[in-house]
Amino acid sequence: MAAVLLTLPPVRWVCPNCPVEAVTPGDVPNRYHECRGLAGITAPMVPAGSRSRVRSVVREDYVGDEIVQYDWWGRPIMAVVTDRPDGSNDVTVLAPTARMITQAVM
């Protein structure tokens, strides 16, 4: 008896906010892109026909001197949420970048 190698069918990815589409082999995970519909924020693509919604969440607290990600309109974005029709969701958190200030001790 010979071994049979199974290949997964290709997956077609779409963005619900802009016209971007991609096709990948079946074993490749989710695709991300710089979304024009979300003002340049890196957002996930969803499988075609899934009726999922992708939205960005604006940071509502004080930014101060933190290094955060901004969209094209200068709004600080704190997360990108993918809402699915079954009520589940995925959240990509855009945490502020840490930085360290050093001082020479004399």
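The values are calculated or read from the model by the stated rules, or taken from the named source; none is laboratory data. This is a predicted model, so every value here is computed, not measured. Don't worry about glycine lacking a Cβ; one is built from the backbone with ideal geometry, like all the others, and counts go over all protein chains shown.
Can you work out which of the residues in segment 61-85 that are of a type outside the set (S, T, N, Q) and farther than 27 Å from Arg99 by Cα is farthest from the chain's Cα centre (by Cα)?
Looking only at segment 61-85, we keep the residues that are of a type outside the set (S, T, N, Q), and these are 61-68, 70-81, 83-85.
Within this subset, residues satisfying the condition of being farther than 27 Å from Arg99 by Cα are 83-85.
Values: Asp83: 12, Arg84: 14, Pro85: 18 Å.
In this case the residue turns out to be Pro85.
Scan (1) loosely packed, with under 12 Cβ neighbours inside 10 Å; (2) on the phi < 0 side of the Ramachandran plot for the single condition Gly49 breaks and write down its number.
Among (1) loosely packed, with under 12 Cβ neighbours inside 10 Å; (2) on the phi < 0 side of the Ramachandran plot, the lone unmet condition for Gly49 is (2).
Please tell me if Val63 is modelled with pLDDT under 95, within 27 Å of Thr7 (Cβ to Cβ) and β-branched (Val, Ile, Thr). Spell out how you get there, then give the answer.
On the way: modelled with pLDDT under 95: yes; within 27 Å of Thr7 (Cβ to Cβ): no; β-branched (Val, Ile, Thr): yes.
Answer is no for this residue.
Identify, from the list Val58, Val54, the residue that is β-branched (Val, Ile, Thr) and either surrounded by 15 or more Cβ atoms within 10 Å (Cβ to Cβ) or under 13 Å from the mean Cα position of the chain (by Cα) (or both). Steps first, please.
Details: Val58 fails: either surrounded by 15 or more Cβ atoms within 10 Å (Cβ to Cβ) or under 13 Å from the mean Cα position of the chain (by Cα) (or both).
Every option except Val54 fails the conditions.
Could you tell me which numbered condition Met100 fails, if it satisfies all but one of (1) touching a residue at least 40 places away in the same chain (Cβ under 8 Å); (2) part of a loop (DSSP other than H, G, I, E, B); (3) not acidic (Asp, Glu)?
Checking Met100 against (1) touching a residue at least 40 places away in the same chain (Cβ under 8 Å); (2) part of a loop (DSSP other than H, G, I, E, B); (3) not acidic (Asp, Glu), the one that fails is (1).
I'm trying to understand the selection: among the residues of segment 26-60, which are more than 12 Å from Ala79 (Cβ to Cβ), at pLDDT 90 or above and among the hydrophobic types (A, V, I, L, M, F, W, C)?
Listed by number, the residues that qualify are Cys35, Ala39, Met45, Val46, Ala48.
Just give me the residues in segment 1-37 being farther than 16 Å from Arg55 by Cβ and among the small types (Gly, Ala, Ser), in sequence order.
Ala2, Ala3, Ala22, Gly26 - these are the residues of segment 1-37 that are farther than 16 Å from Arg55 by Cβ and among the small types (Gly, Ala, Ser).
Let me spell it out: the conditions are (1) loosely packed, with under 10 Cβ neighbours inside 10 Å; (2) of a type in the set (A, V, I, L, M, F, W, C); (3) part of a strand (DSSP E or B), and Met78 meets all of them except one. Which number is the exception?
Exception for Met78: condition (1).
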